[in-house]
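Below is one structure, written out as C-alpha cells; comments come after it.
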Amino acid sequence: MSMFYVTLVLTSLAGAIALGFAFAKSRWISSQDQGNETMRSIAESIQEGALAFLKREYVVLGTFVAVVAVLLAIAYSVGDNGSPVIAVSFVVGAFCSALAGFFGMKVATLANVRTANAARTGMSGALQVAFSGGLVMGLCVVGLGILGLSILFLIYGAIYIGGEGAALQANVKVAISILSGFSLGASSIALFARVGGGIYTKAADVGADLAGKVYENIPEDDPRNPATIADNVGDNVGDVAGMGADLFESYVGSIIGTMVLGAAAIAGISATGQGSPIALVMLPLILAATGILVAIGGSFLVKVKEGGSPAKALNMGEFGAAGVMLALSALIIFLVVPSAGVEIDGKEFGWLGVFGAVVTGLIAGLLIGLVTEYYCSTKFNPTYTIAKQSLTGSATNIIAGLGIGMYSTGIPILILAGGLVLADQFAGLYGIAIAAVGLLSVMGIQLAVDAYGPISDNAGGIAEMAELPPEVRERTDELDAVGNTTAAIGKGFAIGSAALTSLALFAAYTQQANINMGLDITRPIIIAGVFVGAMLPYVFSAMAMAAVGRAAAAMITEVGRQFAEIPGLREGTAKPDAARCVDISTKAAIKEMVLPGVLAVATPVLVGLISAEMLGGLLAGVTVSGVLMALFQSNAGGAWDNAKKRIEGGIEIGGETYGKGSEAHKAAVTGDTVGDPLKDTSGPSINILMKLIAIVALVIAPLIALPTADAGVTVIDDDPTVAEVDQGPELVD
C-alpha cells in the first residue's frame with residue numbers, strides 16, 4: 001500500500017502547485033493598469049453584475065446540494081450496499097466545482113479591462129493578459145479537482161482499504177464508490193452553472209444584438225444600448241464559469257470512471273505478483289497530476305511578437321504541452337503498469353496497450369478540435385458558404401447554417417468511433433476510460449485557451465463602450481476572432497471528452513451494477529431505455545432554447561422601451577439603465593435552470609428503480625443522441641457566428657464587397673442570433689446532461705445492482721468448460 005499513500009501525497013502536491021501558480025497569475029493580472037476612469041467604471045459594472053448573478057445562483061444551488069446530501073445519506077444508511085459518507089463526497093465535489101467557477105470568473109472580470117488597456121499599446125501585452133486570465137480558470141479547475149479527489153481518497157483509503165487479493169479489491173471498490181459522490185456533486189453544479197449561465201448570456205446577447213444592430217441600427221457594444229453590460233456579464237458567467245464547471249465535471253468523472261474499472265484488475269494483478277495491485281486505480285491520478293505540471297510549463301510557450309499571430313502562439317502552448325505529455329505518459333505507464341497479464345472483463349493487456357489507449361484519446365481529441373475549427377473558422381469554406389447564402393436573406397442563411405451543422409457531425413463521429421474501437425483493442429473497457437483521461441490530461445492549458453476567448457470579447461466591448469481609438473478595437477477584434485475559433489475548438493474538445501467520459505462511466509456502471517453479460521438490445525426493457533435516453537437531449541435542448549427565447553424577448557422589449565422613453569438616449573446625451581437588463585437576465589436564468597436540472601437528476605433514478613438494465617439502455621441512448629446533438633448545435637452556432645464576422649470584416653462575393661450595415665450583414669446577424677443559444681446554451685449543456693446521468697447511474701448502482709446470481713458467467717477462450725463466475729464484490733461499510 002506504499003504506492004497508495006505516496007501517490008496521493010504527490011498528486012495533492014500537484015493540485016496545490018496549480019492553485020499556487022493560479023494565485024500568482026491572478027496577482028500579476030491585478031497589478032496591470034486598468035486604463036482610464038470610464039474603462040474602470042464599465043469593468044466594475046460587469047464585475048458587479050457577474051458576482052451578483054453567481055451569488056443568487058449559488059444560493060439556489062446551496063439549497064439543492066443540502067437536500068440531495070441528506071437524501072444520499074438516508075439512502076445509503078439503509079442496508080449494506082454502501083456508506084452514508086458518500087454525502088460528504090457529494091458536498092465536497094459541489095463545493096470544489098463552485099469554487100473553481102467563482103475563482104475563474106472573478107479573475108476573468110479583472111482581466112477584461114486590463115486586456116483592453118494593454119491593447120492600446122499593442123497585441124503582445126493584450127494576449128498575455130487575456131491568456132493569463134484563462135490560465136487561472138484552467139489551473140483552478142484541475143487544481144481543485146485533483147486536490148479534492150486525492151485528499152478524500154487518502155481519507156477513505158485509511159478507513160476502508162486493507163487486505164490482499166479479492167479482499168483488497170472489494171475494499172477498494174467500496175472506497176471508490178463513496179468517492180464517486182465527488183463527481184456527482186461536481187456534475188450537479190456543472191449542470192446548473194452551464195444551463196443558468198447559458199440562459200443568462202444568450203438572453204442578453206440575443207437581446208443586445210437584435211435590439212441594437214437590427215431594430216435600432218447601432219453598432220455592437222454601443223454604449224447607448226442598455227443590454228451591452230448584461231451581454232458582457234454573460235460572457236463571464238456562461239463562457240467562463242459555465243465552461244469551467246463543465247470540464248471540471250469531465251475531469252473528475254473520467255478519473256473516477258477509470259479508477260472503478262482499474263479496481264476490477266486488483267485480484268488478477270495480485271495473482272501475477274507483477275507490480276502494485278492498485279496500479280491501474282492510481283494511474284489516472286498520476287497522469288492527471290503530471291498533466292498539471294506540463295500545462296504550467298506549456299503556458300510559458302504562449303508568446304507573440306507585435307504583428308505576429310495570436311493563434312500560432314496559443315497553438316504552440318497547447319500542442320507543445322500535448323507532445324510533452326505524450327512522452328511523459330509513456331514513461332509513467334511503463335513504470336506503473338505490468339508488462340502483460342492484466343485482465344479486465346476477459347481482455348488481457350499490459351503497459352503498451354494502456355499507453356496506446358492514452359495516445360488514442362489524445363489524438364482523437366485533437367482531431368475533433370481540428371475538424372471543429374474547419375467548420376467554424378473564418379479561414380475555411382463552410383463560413384464562406386453561409387456568408388454567401390446571406391446575400392439572399394435570413395432564410396437561406398439559416399438553411400445553410402443548419403446544413404453545415406449537420407455535416408459537421410460526420411467526421412467527428414467517425415473519429416470517435418474509431419477511437420473507441422482502437423482503445424478497446426488496446427486495453428478493453430479500461431482502455432476507453434484511460435483514453436478519456438489522456439484527452440483531458442493537459443486540460444489546464446486547454447481550458448486556458450478556451451477561456452481566453454470571452455475575456456478578449458469583453459475587452460472589445462469595453463473598448464467600444466469607452467470609445468477608445470479604432471486601432472484598439474481592431475486589436476481586440478483580432479484576439480476575439482481567434483477566441484471564437486478557440487472557443488469552437490474548445491467546444492469540440494468538450495464534446496469529445498464528454499463522450500469518452502460518459503462511456504467510461506457507463507462501463508463503470510455495468511461493473512458496479514453487476515451487469516456483466518452485456519445489454520441485449522433485442523429485449524424490450526432495454527430498447528425502451530435506449531429510446532428514452534435518445535429523447536432526453538431533444539427535450540432538454542427545447543427547455544433551454546425556450547428559456548432563452550422568453551428571456552431575450554423580455555430583453556428586446558426593455559431595450560425598446562428605454563430608447564422610446566429616455567430622452568436623449570438615442571443621441572448619446574443620456575445614459576441607459578443597464579441594471580434593469582442585468583436583472584432581467586439574472587431572474588430568467590435562475591428561474592429557468594431548475595426544470596432542466598430536475599429532469600437530468602430524476603430521470604436516471606426513476607428508470608433505475610424500474611430496472612438496472614433499462615438504465616443501462618438509457619445511458620446508451622443519451623450518449624449517442626447527446627453527442628450528435630451537441631456537435632450539431634455547437635458547430636452550427638459557431639459557423640453562423642464567424643460567417644457574420646467575415647461579413648463584418650468586409651467580404652468579397654461576386655466582385656462586390658459586403659460589410660456592416662449591408663442586407664447580407666443583417667441576414668447574418670439573424671443567423672448568428674439563432675445560433676447563439678445553440679452553441680452557448682443547449683449544445684454545451686448536453687455534455688453535462690450525458691455525464692450527469694451517467695454519474696447518477698454509477699452512484700445509485702450499489703442500490704439497484706442485480707443479484708450476484710444474475711451476474712453471469714464469463715466464458716474464457718470460447719471454452720464453456722473453463723468459466724470464471726463473477727460473483728460481484730460484497731460492499732462493506
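The values are calculated or read from the model by the stated rules, or taken from the named source; none is laboratory data. These numbers come from a predicted model, not from an experiment. Here the Cβ is made from the backbone with ideal geometry for all residues, glycine too, and neighbour counts use every protein chain on show. Surface areas here come from the heavy atoms of the whole protein model, side chains and all, with no ligands, DNA or RNA. Shrake-Rupley method; radii C 1.70, N 1.55, O 1.52, S 1.80 Å.
Worth pointing out:
- Out of I434, I386, one residue alone is within 20 Å of the chain's Cα centre (by Cα) and in a helix (DSSP H, G or I). It is I434.
- Against the conditions (1) within 21 Å of Y156 (Cβ to Cβ); (2) touching a Gly at 6+ places or on another chain (Cβ under 9 Å), V9 satisfies every one except (2).
- Residue that is nearest to the chain's Cα centre (by Cα) [pool: residues in the range 604-622 that are among the β-branched types (V, I, T) and surrounded by 23 or more Cβ atoms within 10 Å (Cβ to Cβ)]: V622
- Taking each residue of the range 28-47 that is closer than 16 Å to A119 by Cβ and assigned to a loop (DSSP other than H, G, I, E, B) and looking for partners that are open to solvent by 40 Å² or more (accessible area, probe 1.4 Å) and not aliphatic (A, V, I, L, M) with beta-carbon atoms closer than 7 Å, six or more apart or interchain, yields Q34/R40.
- Test: Y58 is under 30 Å from M282 (Cβ atoms) and of a type outside the set (G, A, S): no
- All positions within the range 642-678 that are of a type in the set (S, T, N, Q) and without any contact (Cβ under 8 Å) to a residue 40 or more places away in the chain: T657, S662
- From the list Y160, Y156, the one residue that fits, being over 30 Å from L468 (Cα atoms), among the hydroxyl-bearing types (S, T, Y) and modelled with pLDDT under 90, is Y160.
- Considering the range 302-318, the residues that are among the basic types (K, R) and under 26 Å from the mean Cα position of the chain (by Cα) include one that is farthest from G133 (Cα to Cα), namely K312.
- Residues that are in a loop (DSSP other than H, G, I, E, B) and among the polar types (S, T, N, Q), drawn from the range 636-666: S662
- Residue check for F153: under 30 Å from T681 (Cα atoms) and either free of Cβ contacts under 8 Å to residues at least 60 places away in the same chain or of a type in the set (F, W, Y) (or both): no
- Residue within the range 679-694 that is over 25 Å from F182 (Cα atoms), touching a residue at least 60 places away in the same chain (Cβ under 8 Å), touching a helix residue (DSSP H, G or I) at 6+ places or on another chain (Cβ under 9 Å) and assigned to a helix (DSSP H, G or I) present: yes
- Test: residue in the range 569-579 that is under 20 Å from G197 (Cβ atoms) and either part of a helix (DSSP H, G or I) or open to solvent by 50 Å² or more (accessible area, probe 1.4 Å) (or both): yes
- Answer residue from the range 170-226, given it is in contact with a helix residue (DSSP H, G or I) (Cβ under 7 Å, 6 or more places away or on another chain) and among the basic types (K, R) and is modelled with the highest pLDDT among those: K173
- Taken across the range 344-367, residues that are part of a helix (DSSP H, G or I) and of a type in the set (S, T, Y) do occur, with at least one present.
- Residue in the range 274-284 that is at pLDDT 85 or above and not in a helix (DSSP H, G or I) present: yes
- Residue match in the range 486-496 (condition: open to solvent by less than 20 Å² (accessible area, probe 1.4 Å), among the aliphatic types (A, V, I, L, M), modelled with pLDDT under 85 and in contact with a Leu (Cβ under 8 Å, 6 or more places away or on another chain)): yes
- Filter result (surrounded by fewer than 24 Cβ atoms within 10 Å (Cβ to Cβ), in contact (Cβ under 8 Å) with a residue 24 or more places away in the chain and assigned to a helix (DSSP H, G or I)) within the range 89-143: V91, V92, F95, L99, F102, F103, K106, L110, M123, S124, Q128
- All of I693, I704, I688 fail the test of being open to solvent by 10 Å² or more (accessible area, probe 1.4 Å) and of a type in the set (A, V, I, L, M), apart from I704.
- With respect to the conditions (1) in contact with a Ser or Thr (Cβ under 7 Å, 6 or more places away or on another chain); (2) closer than 30 Å to A705 by Cα; (3) among the hydrophobic types (A, V, I, L, M, F, W, C), L147 lacks only one, and its number is (2).
- Selection count, the range 304-331, where residues are open to solvent by 10 Å² or more (accessible area, probe 1.4 Å), at pLDDT 80 or above and touching a helix residue (DSSP H, G or I) at 6+ places or on another chain (Cβ under 6 Å): 5
- Residue check for Y407: surrounded by fewer than 17 Cβ atoms within 10 Å (Cβ to Cβ) and within 25 Å of the chain's Cα centre (by Cα): yes
- Scanning the range 104-161 for residues that are farther than 30 Å from T476 by Cα and of a type in the set (F, W, Y) returns F153, Y156, Y160.
- Verdict on G393 being open to solvent by 10 Å² or more (accessible area, probe 1.4 Å), at positive phi and in contact with an Asp or Glu (Cβ under 9 Å, 6 or more places away or on another chain): yes
- Any hit, the range 213-228, residues being of a type in the set (S, T, N, Q), out of contact with any Lys or Arg (no Cβ under 8 Å at 6 or more places or on another chain), crowded, with 24+ Cβ neighbours inside 10 Å and not in a helix (DSSP H, G or I): yes
- Residue in the range 70-87 that is open to solvent by 70 Å² or more (accessible area, probe 1.4 Å), touching an Asp or Glu at 6+ places or on another chain (Cβ under 8 Å) and either under 30 Å from T228 (Cβ atoms) or at pLDDT below 90 (or both) present: yes
- G163 vs. criteria at negative phi and either part of a helix (DSSP H, G or I) or open to solvent by 10 Å² or more (accessible area, probe 1.4 Å) (or both): no
- Residue within the range 15-26 that is surrounded by 13 or more Cβ atoms within 10 Å (Cβ to Cβ), closer than 30 Å to I333 by Cβ, more than 28 Å from the chain's Cα centre (by Cα) and not small (G, A, S) present: no
- Looking only at the range 27-45, and only at residues there that are of a type outside the set (K, R) and more than 17 Å from E467 (Cα to Cα), the one that is least open to solvent (accessible area, probe 1.4 Å): I29
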